[in-house]
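The values are calculated or read from the model by the stated rules, or taken from the named source; none is laboratory data. Quick caveat, the model's predicted, so the values are computed rather than measured. When we count neighbours, we look across all protein chains shown, and the Cβ atoms used for this are built from the backbone with ideal geometry, even at glycine. Accessible surface areas use protein heavy atoms only, side chains included; no ligands, DNA or RNA. Shrake-Rupley method; radii C 1.70, N 1.55, O 1.52, S 1.80 Å.
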Amino acid sequence: PFVQPPVLRPTRTDATTDYYRIVQRPFVGQILPGVATPLWGYNGVVPGPTIKVRRNRRTVVRQVNQLPPTHPALGYIPWTSTHLHVER
């Protein structure tokens, strides 16, 4: 079953802006219960966390890429495509 991603809390907030930090990194997770699977994700989860923002408020998201320069098993250079899914 689908597990809803966690809601990310801002790392900092000021009068006009909420700041978030997401780290892309390898981790070991479970796709099948009880089976450890090497994965690449965001803050240790796949799919990445949910960011809930307030209307008319600035939001800054810093993406930190801590993925290896080449895939450890397959040898290719990894590319990422960070993108948003908007719910209204």
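Residues that are outside any strand (DSSP E or B), within 17 Å of the chain's Cα centre (by Cα), under 30 Å from Thr70 (Cα atoms) and modelled with pLDDT of 95 or more within segment 7-42 comprise Leu8, Thr11, listed in sequence order. Gly75 satisfies every condition listed in (1) modelled with pLDDT under 95; (2) over 17 Å from the mean Cα position of the chain (by Cα); (3) at negative phi except (3). The conditions of being open to solvent by 60 Å² or more (accessible area, probe 1.4 Å) and either in contact (Cβ under 8 Å) with a residue 40 or more places away in the chain or assigned to a strand (DSSP E or B) (or both) are not met by Pro69. Restricting to segment 44-62, what's the tally of residues that are polar (S, T, N, Q) and at pLDDT below 95? Going through segment 44-62 one residue at a time, the tally reaches 2. Residues in segment 1-54 that are open to solvent by less than 50 Å² (accessible area, probe 1.4 Å) and of a type in the set (A, V, I, L, M): Leu8, Ile22, Val23, Leu39, Val45. Set side by side, the residues Arg57, Arg88 differ, and just one is among the basic types (Lys, Arg) and open to solvent by 80 Å² or more (accessible area, probe 1.4 Å), which is Arg88.
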